[in-house]
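Enquirer: For reference, the structure I am asking about is given below.
Coordinate-derived values only; no laboratory data. The structure presented is a predicted model; accordingly, all values stated were derived computationally and were not measured. Glycine also receives a Cβ, built like all others from the backbone with ideal geometry; neighbour counts cover every protein chain displayed.
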Amino acid sequence: MPFEALGLDPKIAKAVREAGYTEPTPIQTKAIPLVLRGSDVIGIAQTGTGKTAAFVLPILQRLSARGSATNRRCMRALVIAPTRELVVQIEENVRKYARHLHLRIATVYGGVGERPQIQALRAGTEIVIATPGRLIDLMDQGHVDFSGLEVAVLDEADRMLDMGFLPAMRRIVKALPKQRQTMMFSATLSKEIETLTNEFLSNAETVQIGRRANPAELVTQFVYETTKEAKLPLLLHLLRDETLDSVLVFSRTKHGADKIARKLASSGINTATLHSNRSQSQRIAALKAFKAGTVRVLVATDIAARGIDVEGISHVVNYDFPPQPEDYVHRIGRTGRAKAVGDAISFVTPDDRGNLRDLERFISRGIPRKVAEGFDASAYKAVAAPLTSWRPSRPQVRNSAPRPPRPSSYGSSRPASPSQSRPSSGNGRTAVNSRPQFSDRGRRRP
Ligand code: ADP
Ligand code: MG
């Protein structure tokens, strides 16, 4: 179905085609007509399903349709997103989709000077994309005029709640005109999100795609059982494989991220880090280098990497296993996005085994265990740790005959044979165009 069929202006549809999209994704198909009609919409779909365009395209349509009539240069659309990186990413999307329109776009986020942002707001700009914190700063200083606002979007609402932005969201929404269209997008639907819907939206239409916990289905997931001490050597060992050519590594802490990055860099691997202790310009430079492929490994913390869209990530490594199943789902959503097919690798120490079980229950499937060929984890046991602290329940068999995959090996710690990995030829992203990107599978309701 072409984008025009959703009721979009040919100029917008053209820009979208030029962006390389051939047809709308399921969330776009469902949400765009509703948004065009002016309804309040709550959109729920997993990461990487194209939620940004689902709200940006109809907003552009509204602004361009009535834009020339209004002479006032004022803020007509506001998008709130949890992190600076996301704001920048949404802005890139808006600029791409709006290239045949004449609209002014501004961003508002912390970590950089306020002056240019204030000037942009003063000069008048139709679309503002902002993080809650800096927006409130500028509101308090009297630089923000919401009087002409028509549309507001709360993007990644679940993440904003997780990050403690509820009071900030309340303050911002309270300052908006009562008469407006409001949209909220989220990867997950929780009680809290439903409450927010009632508070911020009116007569909202809900558009939900896919199940509640649905890790990107293009992603091949597996687990390496390891010890804390063996993690770094294991990562280095895995990186000997060149098909891991664009790797996002998740560390629980900023300190840990720096440590991993130092070690990789000293082993000659181009590495960058992404976390909130780095300056805004460092973070932008890191992302840019990673996107360009000059940096092979990006080590990030959850918050910093939230919602980041980098095309062609080949592997996600959960260096530290996430305690929350939702975080796992978000993390592995970084790979297998758009047209890439990726692997999600998790390191699981004895301490993580409970969390792994919880995750497998959450996603209703077992994650295959794998053994790194030619890697001896026992060589890295800490001297102080009792050797008997944990053992796999069955002896590790390396180089055993290929076994069929055991996706139902729920909770079992039987090591899978190395040949169980996704057959890969070439660069390990062979399936790129051979599967429909946005299948009907996601349309099922839970
Ligand atoms: P979400 O917000 O749901 O996590 P994004 O809006 O960031 O997802 O989109 C994920 C990726 O999919 C982006 O790279 C985007 O350019 C791409 N994308 C969006 N819509 C389409 C489409 N209709 N066809 C192909 N790719 C798309
Ligand atoms: Mg998004």
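Enquirer: Charges only on Cβ, +1 for Lys and Arg, -1 for Asp and Glu: so what's the dipole of segment 195-315 about the Cα centre, in debye to the nearest 20?
Expert: Values: 16 positive and 12 negative charges, 116 e Å.
Roughly 560 debye, rounded to the nearest 20.
Enquirer: Size of the dipole of segment 3-208 about the Cα centre, Lys and Arg at +1 and Asp and Glu at -1 on the beta carbon, nothing else charged, in debye to 20? All intermediate terms of the calculation are to be shown ahead of the outcome.
Expert: Working: 26 positive and 22 negative charges, 142 e Å.
Charge dipole of segment 3-208: 680 debye, to the nearest 20.
Enquirer: Could you grab the relative contact order for segment 3-208? Cα pairs under 8 Å, six or more apart, rounded to a whole percent. Don't skip to the end; give the middle numbers.
Expert: Numbers: 346 pairs, mean separation 59.2, N = 206.
About 29 percent, as a whole number.
Enquirer: Something else: Could you work out how far apart the two model spin labels at S147 and N277 are, taking each label as a point 7 Å from the Cα in the direction of the beta carbon, and quote it in nm?
Expert: Roughly 4.7 nm, to one decimal.
Enquirer: In the P(r) worked out for segment 3-208, what percent of Cα pairs fall beyond 25 Å?
Expert: On the way: 6512 of 21115 pairs.
Roughly 31 percent, rounded to a whole number.
Enquirer: While we're on this one: How far apart, in nm, are the 7 Å Cα→Cβ label points at E205 and R170?
Expert: 3.1
Enquirer: Over 24 Å apart: what share of the alpha carbon pairs of segment 193-324 falls there, rounded to a whole percent? Show your work: numbers first, answer last.
Expert: On the way: 3237 of 8646 pairs.
Of the Cα pairs, 37 percent sit more than 24 Å apart.
Enquirer: With respect to the cross-link table entries K259/K370; K263/K370; K51/K259, which display a Cα-Cα separation exceeding 29 Å?
Expert: Result: K51/K259 exceed 29 Å.
Enquirer: Next question, about the same structure. What spacing in nm lies between the two simple spin-label points modelled at E4 and E192, each 7 Å away from Cα in the Cβ direction?
Expert: 4.5
Enquirer: If you don't mind, another one. Once fully extended, how much extra length lies between V112 and A289, figured as 0.36 nm per residue of separation less the alpha-carbon to alpha-carbon distance?
Expert: Working: separation 177, 0.36 × 177 = 63.72 nm, distance 1.99 nm.
Extra length from V112 to A289 when fully extended: 61.7 nm.
Enquirer: At a Cα cut-off below 18 Å, give the lysines reachable from K11, other chains included and same-chain residues fewer than 8 away excluded.
Expert: Straight-distance partners of K11: K96.
Enquirer: Right, something else. Binning at 5 angstrom from zero up to the longest distance, how are the C-alpha pair distances of segment 14-108 distributed in percent?
Expert: Whole-percent P(r) values from 0 Å outward: 2, 12, 23, 25, 23, 11, 3, 0.
Enquirer: Enumerate the amide H contacts of I42 below 5 Å, restricted to partners 5 or more residues apart or on another chain; note that Pro and chain-start residues carry no placed amide H.
Expert: Counting only residues 5 or more places away or on other chains, the set is M184, E205, T206, V207.
Enquirer: Here's something else I'd like to know. Starting at the first residue of segment 130-139, write each ³J(HN,Hα) from the Karplus equation 6.51 cos²θ - 1.76 cosθ + 1.60 with θ = phi - 60°, in whole Hz, x for Gly and Pro.
Expert: Ordered by residue, 3J(HN,Hα) equals 9, 8, x, x, 5, 4, 5, 3, 6, 4 Hz.
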